[in-house]
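Asks: Can you keep this structure in mind? I'll have questions shortly.
The values are calculated or read from the model by the stated rules, or taken from the named source; none is laboratory data. Not measured: the values here are computed from a predicted model. Positions of Cβ are backbone-derived with ideal geometry, glycine not excepted, and every protein chain shown enters the neighbour counts.
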Amino acid sequence: MDTAAWHADPHSEPSAAEGKSTAVVGAQQAGDGGWHPFRLLREFAIVVVVALILSLLIKTFVAQSFWIPSQSMENTLVPGDRVVVSKFTPGLFSLQRGDVVVFHDPGHWLDEPNTKRSGISGAVTSVLQFVGLYPSGDDDLIKRVIGLPGDHVKCCNTRGQITVNGVALSEPYIYPGGGTDQLKFSVTVPAGRVWVMGDNRGDSSDSRFHDNGTGQTGSVPESDIVGRADMIVWPIDRMGWLSNYSSTFDKVPKP
């Protein structure tokens, strides 16, 4: 018998059994590269965690959103506005007179705590605020810086104007008809603190109404300042940059 007949012809077709086996292996290999539910869930979780970490880092070190709850800064800011606050001021950049700043309540300025959401909704809101995905503002205030450390701020001259280091301020941002002379005062701003006032002078519980005449209790510690409000981002029709009206303060000398 010719022994060569016992060897498989390399050019012959595979048997039915061999073809089936090969097809099964190929299917298994193709399946390994596909999307499994667990793998999809894992990838989604990674994306969510990374997004939350980035949002938290941005909120902590770069910028944070706040909503405006009151009329104290009208017409510059109205209730419901959303603003973006830069964390670089104070810090990388120095505060300037005229800056609009958000700060923590420095000493029970808020008459009563704002109503907090309760239950699951409240818990979710708190978490989103913590990571920077929901605007804060429930327990913070927003005002305009009028006096820096060492400045002598006084109300008022014979024309009803605030003076800083003897220079009268022409303040175009004041709410029309709001005036400036609801309360007389004359203070020197202590070191490390700023004197703040609302643009709606007739409806703003600001430094004027919390001071004991020394400038110490009415001024805000710089350490309590969250940052400088740079821009209104909502609603769309009010979107725009916030000015510090540098021309109002450019003639004020250093203390």
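Asks: Yes or no: G178 out of contact with any Pro (no Cβ under 6 Å at 6 or more places or on another chain), at pLDDT below 95 and surrounded by 15 or more Cβ atoms within 10 Å (Cβ to Cβ)?
Replies: The answer is yes for G178.
Asks: Can you confirm whether the stretch 162-169 contains a residue that is closer than 24 Å to I68 by Cα and either among the polar types (S, T, N, Q) or loosely packed, with under 15 Cβ neighbours inside 10 Å (or both)?
Replies: Within the stretch 162-169, not a single residue is closer than 24 Å to I68 by Cα and either among the polar types (S, T, N, Q) or loosely packed, with under 15 Cβ neighbours inside 10 Å (or both).
Asks: Kindly indicate whether G98 is in contact with a Phe, Trp or Tyr (Cβ under 8 Å, 6 or more places away or on another chain), at pLDDT 60 or above and on the phi > 0 side of the Ramachandran plot. Even if it seems obvious, please write down each step before you answer.
Replies: Working: in contact with a Phe, Trp or Tyr (Cβ under 8 Å, 6 or more places away or on another chain): yes; at pLDDT 60 or above: yes; on the phi > 0 side of the Ramachandran plot: yes.
Considered against the rule, which asks whether it is in contact with a Phe, Trp or Tyr (Cβ under 8 Å, 6 or more places away or on another chain), at pLDDT 60 or above and on the phi > 0 side of the Ramachandran plot, G98 comes out as yes.
Asks: What number of residues within the stretch 203-255 satisfy the criterion of being surrounded by fewer than 12 Cβ atoms within 10 Å (Cβ to Cβ), farther than 26 Å from H108 by Cα and within 19 Å of the chain's Cα centre (by Cα)?
Replies: Of the residues in the stretch 203-255, 4 are surrounded by fewer than 12 Cβ atoms within 10 Å (Cβ to Cβ), farther than 26 Å from H108 by Cα and within 19 Å of the chain's Cα centre (by Cα).
Asks: Hey, another quick one. Test of understanding: among R193, R159, which residue is at pLDDT 95 or above and assigned by TED's automatic domain parsing to the domain that holds A229?
Replies: Of R193, R159, the one residue that is at pLDDT 95 or above and assigned by TED's automatic domain parsing to the domain that holds A229 is R193.
Asks: Can we say R82 is modelled with pLDDT of 70 or more, more than 17 Å from the chain's Cα centre (by Cα), among the basic types (K, R) and in the same structural domain as G179 (by TED's automatic domain parsing)?
Replies: Considered against the rule, which asks whether it is modelled with pLDDT of 70 or more, more than 17 Å from the chain's Cα centre (by Cα), among the basic types (K, R) and in the same structural domain as G179 (by TED's automatic domain parsing), R82 comes out as no.
Asks: List the strands (runs of 3 or more DSSP E) inside the stretch 141-223, counting only whole elements, that have at least 3 residues being in contact (Cβ under 8 Å) with a residue 12 or more places away in the chain.
Replies: 152-155, 185-188, 193-197
Asks: Follow-up question, since we're still on this one. Is it true that some residue in the stretch 42-63 is surrounded by 12 or more Cβ atoms within 10 Å (Cβ to Cβ), in contact with a strand residue (DSSP E or B) (Cβ under 6 Å, 6 or more places away or on another chain) and modelled with pLDDT of 70 or more?
Replies: Yes, because at least one residue in the stretch 42-63 is surrounded by 12 or more Cβ atoms within 10 Å (Cβ to Cβ), in contact with a strand residue (DSSP E or B) (Cβ under 6 Å, 6 or more places away or on another chain) and modelled with pLDDT of 70 or more.
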